[in-house]
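Participant: To start, I am sharing the structure in question, which I have written as structure tokens.
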Amino acid sequence: MELKLGKKIIELRKKKGMTQEQLAGALGVSAPAVSKWETDSSYPDITLLCPLARALDTDVDSLLAFEEDMSEADLGQYMTEIIEMIRGGRIPEAEERLNGLLHAYPSNIPLKFSAVAALTYFEINAPEADEADKLRWKDQKKQLVRAVHDDGNPAYYPSAVSMLVSMALAEDQLEEAERLLKETMADQGDFTFLWSQLYLKKGEKEKALGTVQRRLYSLVNDMRTCLMAMLGQDMNPDLDRAVEICDVLQMLDSIFRVGGGMGDGLYAEIYLRAGKMEEALAYLERLADRMTGPMEPPNPLLFAPEIAPGPEKLEWNQEILMAALRGLETDACFEPLRKQERFQRLVELIRKQVQS
């Protein structure tokens, strides 16, 4: 067991918005003395405990509260025991055991987080429990989630936000749900579904749809980026494996139509690396035809109206066209092809598109 008085003093002092100097002044001691208490280099004289507790808006018992450290293995064992009690229908015994642990380890965030799951398990396995029990479990769960949230531990914070928002939405507390989602730290997780549910609760269906579509678009781009990274020369995939990865990318593009049809360029690159010039040329010609024709929009079934543009906006980005042209004209990998008429012809097609 370890007395964590210094940590407790820091926590309570900051909660009151006091500096070390202000606390020292209230107790008639020096600021260095308070600093030593907070680092556990020394402890307050026994005669100062009551004044210290009053200055920090607490009592001596709370001030001197201590707890044992709980290992991850111990927590797992405790929760297994509680789950077995629940499965055996010993709900009161399981609840008493859980509350005993929470009392013995009042600052243990992993325990609080696990207790939330245990309380949910109570509800699932005791459908015939009376309303008083259900209300008590619900209130305790909300208090525990709030404590996990307020602690700010990044390992548990996103889940705590999700749970609090879900609770607020279930109770139609839409302003509270939106406030939680807008918190600075809320960007640590993906809250797309909760945002969409909030918008639907507010009757804003277009915003709900747009939120989901933007997230889907981002995820598809992330998948494309990962697949292209797997094709990098440093990854050193053999030709057959690289072609299969390109096939996967092509299937992804055919479904979502997010890549602008640029997958042919990847096929050309891997065939060039393998020294297969005819195959590389064929894919480069397909790419040139695509870049000099109408641009295909993202799949309207999945992305309209938020992402998929109207027909008047379906134009190739000049920067993309110019980058492709520069690559074909200057990249060393295309050197073996530059004297071939087919290659010169496709370069000229793209050059005219840039100049148009």
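Participant: Considering every residue within region 141-164, establish whether at least one is at pLDDT 95 or above, over 30 Å from ASP40 (Cα atoms) and among the charged types (D, E, K, R).
Facilitator: yes
Participant: Next question, about the same structure. Mind listing whichever residues of region 118-142 are within 20 Å of GLU171 (Cα to Cα) and of a type in the set (Phe, Trp, Tyr)?
Facilitator: TRP137
Participant: Of all residues in region 1-47, how many are among the aliphatic types (A, V, I, L, M), under 35 Å from the mean Cα position of the chain (by Cα) and not in a helix (DSSP H, G or I)?
Facilitator: Here the count works out to 1.
Participant: For ALA308, all conditions in the list (1) part of a helix (DSSP H, G or I); (2) under 19 Å from ASP253 (Cα atoms); (3) among the hydrophobic types (A, V, I, L, M, F, W, C); (4) free of Cβ contacts under 8 Å to residues at least 40 places away in the same chain hold save one; what is the number of the exception?
Facilitator: (1)
Participant: From ASP45, ASP40, which residue is touching a Gly at 6+ places or on another chain (Cβ under 9 Å) and more than 30 Å from ALA115 (Cα to Cα)? Show your work before the answer.
Facilitator: On the way: ASP45 fails: touching a Gly at 6+ places or on another chain (Cβ under 9 Å).
None of the others qualify; the one that does is ASP40.
Participant: Any idea which residue in region 281-306 is farthest from the chain's Cα centre (by Cα), counting only those that are under 20 Å from ARG338 (Cβ atoms) and of a type in the set (Gly, Ala, Ser)? Talk me through it step by step, then tell me what you get.
Facilitator: Residues of region 281-306 that are under 20 Å from ARG338 (Cβ atoms), as a first pass: 281-289, 291-292.
Filter once more, so that each one left must be of a type in the set (Gly, Ala, Ser): 282, 288.
Values: ALA282: 42, ALA288: 39 Å.
Once the filter is applied, the top-ranked residue is ALA282.
Participant: On to the next question. What residue, of GLY265, GLY259, is closer than 20 Å to PRO300 by Cα and either at pLDDT 90 or above or not basic (Lys, Arg) (or both)?
Facilitator: Numbers: GLY265 fails: closer than 20 Å to PRO300 by Cα.
Of the residues listed, the single one that is closer than 20 Å to PRO300 by Cα and either at pLDDT 90 or above or not basic (Lys, Arg) (or both) is GLY259.
Participant: Can you name the residue in region 68-93 that is part of a loop (DSSP other than H, G, I, E, B) and within 28 Å of the chain's Cα centre (by Cα) and is also surrounded by the fewest Cβ atoms within 10 Å (Cβ to Cβ) among such residues?
Facilitator: Once the filter is applied, the top-ranked residue is SER71.
Participant: Please go through region 240-274 and give me each residue that is of a type in the set (D, E, K, R) and either part of a helix (DSSP H, G or I) or in contact (Cβ under 8 Å) with a residue 60 or more places away in the chain (or both), ordered by number. I'd like the intermediate steps shown before the answer.
Facilitator: Taking region 240-274 first, the residues of a type in the set (D, E, K, R) are 240-241, 244, 247, 253, 257, 264, 269, 273.
Within region 240-274, ASP240, ARG241, GLU244, ASP247, ASP253, ASP264, GLU269, ARG273 qualify.
Participant: Please work out which residue is nearest to LEU284 (Cα to Cα), limiting yourself to region 312-344 and to residues that are without any contact (Cβ under 8 Å) to a residue 40 or more places away in the chain and among the basic types (Lys, Arg).
Facilitator: Checked region 312-344; the qualifying residue nearest to LEU284 (Cα to Cα) is ARG338.
Participant: Return a yes/no flag: does region 235-253 have any residue that is in contact with an Asp or Glu (Cβ under 8 Å, 6 or more places away or on another chain) and open to solvent by less than 20 Å² (accessible area, probe 1.4 Å).
Facilitator: no
Here is a yes/no grid of residues against (1) of a type in the set (Ser, Thr, Tyr); (2) at pLDDT below 90; (3) open to solvent by 20 Å² or more (accessible area, probe 1.4 Å):
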residue: GLU312; (1), (2), (3): no, yes, yes
residue: GLU315; (1), (2), (3): no, yes, yes
residue: LEU321; (1), (2), (3): no, yes, no
residue: ARG342; (1), (2), (3): no, no, yes
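Participant: Is it the case that some residue within region 295-309 is open to solvent by less than 40 Å² (accessible area, probe 1.4 Å), among the aliphatic types (A, V, I, L, M) and under 22 Å from ALA323 (Cα atoms)?
Facilitator: No, region 295-309 contains no residue that is open to solvent by less than 40 Å² (accessible area, probe 1.4 Å), among the aliphatic types (A, V, I, L, M) and under 22 Å from ALA323 (Cα atoms).
Participant: I'd like to verify a number: residues in region 254-273 that are farther than 15 Å from ASN317 by Cα and open to solvent by 50 Å² or more (accessible area, probe 1.4 Å), how many?
Facilitator: 5
Participant: Counting just the residues of region 192-208 that are hydrophobic (A, V, I, L, M, F, W, C) and surrounded by fewer than 17 Cβ atoms within 10 Å (Cβ to Cβ), which one comes out farthest from the chain's Cα centre (by Cα)?
Facilitator: Among those that are hydrophobic (A, V, I, L, M, F, W, C) and surrounded by fewer than 17 Cβ atoms within 10 Å (Cβ to Cβ), it is LEU200.
Participant: So, ALA155, is that one small (Gly, Ala, Ser), open to solvent by 70 Å² or more (accessible area, probe 1.4 Å) and not in a helix (DSSP H, G or I) or not?
Facilitator: Answer is yes for this residue.
The values are calculated or read from the model by the stated rules, or taken from the named source; none is laboratory data. Remember, it's a predicted structure, so these values are computed and weren't measured experimentally. Virtual Cβ from ideal backbone geometry, glycine too; neighbours counted across all protein chains shown. For the accessible areas, the whole protein counts, side chains as well, though only heavy atoms, and no ligand, DNA or RNA atoms are used. Shrake-Rupley method; radii C 1.70, N 1.55, O 1.52, S 1.80 Å.
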